[in-house]
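Beneath this line is the structure, given in structure tokens, with notes to follow.
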Amino acid sequence: MKIVVCIKQVPDTNEVKLDPVTNTLIREGVPSIINHDDKSGIEAALRLRDEAGGTVTVLCMGPPQADTALREALAMGCDEAILISGREFGGSDTWATAAIISAALKKIGYDVVITGRQAIDGDTAQVGPQIAETIGVPQVSYVEELRAEGEKLVVRRQFEDRRHIIEVKPPCLLTALSELAAPRYMHVGGIVDAYQKDIRILGFDDLKDDLNPDFIGLKGSPTNVVKSFTKQAKGAGTILADVGADEAVAAIIRKMEEKHII
Amino acid sequence: MSKDIYVVVEQRDGVIAKVGRELIGEATKLAADLGQKVYAVLIGDAVRDKAQSLIEYGADGVVCVQDPILKEYVTEPYAKALTAVIRDRDPEIVLYGATSIGRDLAPRVASRIHTGLTADCTKLDIDPESKLLLMTRPAFGGNIMATILCKVYRPQMATVRPGVMKQLERDASRKGEIEEFKVAFEPSDMNVVIREVIKEEHKKTDITEAKILVSGGRGIGTPDYFNTLRELADVLGGEVSSSRANVDAGWIEKDRQVGQTGKTVRPSLYLACGISGAIQHVAGMEGAECVIAINKNDTAPIFDVSDLGIVGDVKVIVPKLIEAAKKYKAANA
């Protein structure tokens, strides 16, 4: 079974800045980590491999610095790492990102694709399902439990009010919740090995058979950010002292209403 | 030419999700700006009898897709049904609730018909000049807001967070057309097998996943006061969490502890009851979108990170808050 885990490198902080010209995020100088849900996906893939046999390939689209995320995945025990990188890909929205990753998946082959549910920077949860559609396989999102049963996978998926126990045959795509599998730590030998392995790089030329250049990057993306603004930094808000309990309660309800909480 | 706004109304076991009515309400405003109509799309098994209520909440018409294969939500049959409706009707805008189902279905459909999709919007407007849909959403844990356009592709699509938009008053005299839209399903559309559906009254208690946390500190006085906080959390649809002191005292389980040595939480609301706000505690909850604190001590550091601070006695305010929240929910159900 060839398991491919798609990961994203995300900033390890909410201290992010925007480029005032392109309105895209400035990622330089911000410490980066593997997105939590994706790391859980790596762990689940490693366990599935150990249980059912096969290999785990980790795939990341991003700038050359994303190399560190891929090395970390190798140190956890992944067999192979691939970086999808190229100028043509910059500024892609979720549709275009899914198209690019799908082209890479078609090139390298797969039985089971695992993505994280969503990334902590964009929070869209769209790329997983969009890859599944683009490569034409069934998807099961929000997976919190996974095991192999003969040719099939049996997964437990979580909705707000219910869980589904689902049987799905590869090829298929799963999106992982953080609670799917607590990631193992890298061990020293693994880290050493990880830096001796080669990371394969796929650029636009490697993927162009399956990729329309008009449908990727900033220009080819269906959606564009036209305006970004930071919310005001959180400082002390309103403090109500010397008010009656009823007035205090009314203020709390108003605040909850204003924040769409109640 | 693309026209009209379609709202994909979610139902589970035949019960319409409130976010569907909220989106119909919002869509009527957008439609007025465009001079267009609002249609609800209702997908499920034997759901036609729910359609009239959507007209009463503001839809001009309802498109129903009914089939036994649609009884429980599965991505592919629902995506097939919705794609067929969109291809046939060519809407200008399609809106979905940003629920687990909406966030599973919408991206699948967006890729199939090759159009843009904006996730988790909290604000929608029509640009007065271009007549494009302005979709505004938070990113980076709510620290950045972005306004997004889908200029070329149609429909313009967005998922919208539940609870953000307002449903209209129900008007039983409203009339509209209810149409049954036929989609031919094949057995192969069911490309996964649901072995079991496990319904839950109470969600899991992982406080890092909770949208609302009612958190108790030393100021709650006694261990059994967590029962009162639990009651408030139940009314608000949240969970109970705690500062370290109460965990160390054995008043509540360790997995509910917020802070440096506990868990880091990012709920929409963190309601700090009798929590002083030591720096180790704040480190675990400062990512909350909204903090409301109740504390007797007006110099408690928790007030420095609160959107709203109430100087007062938790034991007086919380019971009244439970009643007020119940009343509010009953009035706005």
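Scanning the range B:70-87 for residues being out of contact with any Leu (no Cβ under 8 Å at 6 or more places or on another chain) and either open to solvent by 20 Å² or more (accessible area, probe 1.4 Å) or among the small types (Gly, Ala, Ser) (or both) gives a total of 6.
Inclusion of residue B:42 among residues that are touching a residue at least 40 places away in the same chain (Cβ under 8 Å) and in the same structural domain as residue B:176 (by TED's automatic domain parsing) is not warranted. Within the range A:72-85, the set of residues being open to solvent by 30 Å² or more (accessible area, probe 1.4 Å) and in contact (Cβ under 8 Å) with a residue 40 or more places away in the chain comprises A:72, A:80. Each residue in the range A:62-76 was checked for being under 17 Å from residue A:184 (Cβ atoms) and either of a type in the set (A, V, I, L, M, F, W, C) or over 17 Å from the mean Cα position of the chain (by Cα) (or both), and 6 of them qualify. In the range B:198-205 there is at least one residue matching the filter, namely being in contact (Cβ under 8 Å) with a residue 12 or more places away in the chain and within 30 Å of residue B:248 (Cβ to Cβ). With a requirement of 3 or more residues that are more than 14 Å from chain B (Cβ to nearest Cβ), the helices (runs of 4 or more DSSP H) lying completely within the range A:31-137 that satisfy it span A:36-52, A:67-76, A:94-108.
Residues that are within 28 Å of the chain's Cα centre (by Cα) and open to solvent by 70 Å² or more (accessible area, probe 1.4 Å) occur in the range B:217-229; there is at least one.
Every residue in the range B:166-201 that is hydrophobic (A, V, I, L, M, F, W, C) and outside any loop (DSSP other than H, G, I, E, B), please. Within the range B:166-201, B:178, B:193, B:194, B:197, B:198 qualify. The conditions of being in a strand (DSSP E or B) and closer than 24 Å to residue A:246 by Cα are met by residue B:291. Residue B:90 falls short on exactly one of the conditions (1) within 12 Å of chain A (Cβ to nearest Cβ); (2) open to solvent by 20 Å² or more (accessible area, probe 1.4 Å), and that condition is (1). When the criteria are applied in full, residue B:105 fails the requirement of being modelled with pLDDT of 95 or more, within 14 Å of another protein chain (Cβ to nearest Cβ) and under 19 Å from residue B:180 (Cα atoms).
From the list B:18, B:50, the one residue that fits, being open to solvent by 30 Å² or more (accessible area, probe 1.4 Å), more than 20 Å from residue B:192 (Cα to Cα) and more than 14 Å from chain A (Cβ to nearest Cβ), is B:50. Here the range B:237-286 is the region considered, the condition is being among the β-branched types (Val, Ile, Thr) and open to solvent by 60 Å² or more (accessible area, probe 1.4 Å), and the residue that is nearest to the other protein chains (Cβ to nearest Cβ) is B:264.
A single member of A:176, A:194, A:132 is over 19 Å from residue B:101 (Cβ atoms) and of a type in the set (Gly, Ala, Ser), and it is A:194.
Residue count for the range B:185-195, restricted to those that are surrounded by 10 or more Cβ atoms within 10 Å (Cβ to Cβ) and of a type outside the set (A, V, I, L, M): 4.
The values are calculated or read from the model by the stated rules, or taken from the named source; none is laboratory data. Since we're looking at a predicted model, the values are computed, not measured. Ideal geometry is used to build each Cβ from the backbone, glycine not excepted, and the neighbour counts take in all protein chains shown. Just so you know, the surface numbers come from the protein's heavy atoms only, side chains and all, with ligands and any DNA or RNA stripped out. Shrake-Rupley method; radii C 1.70, N 1.55, O 1.52, S 1.80 Å.
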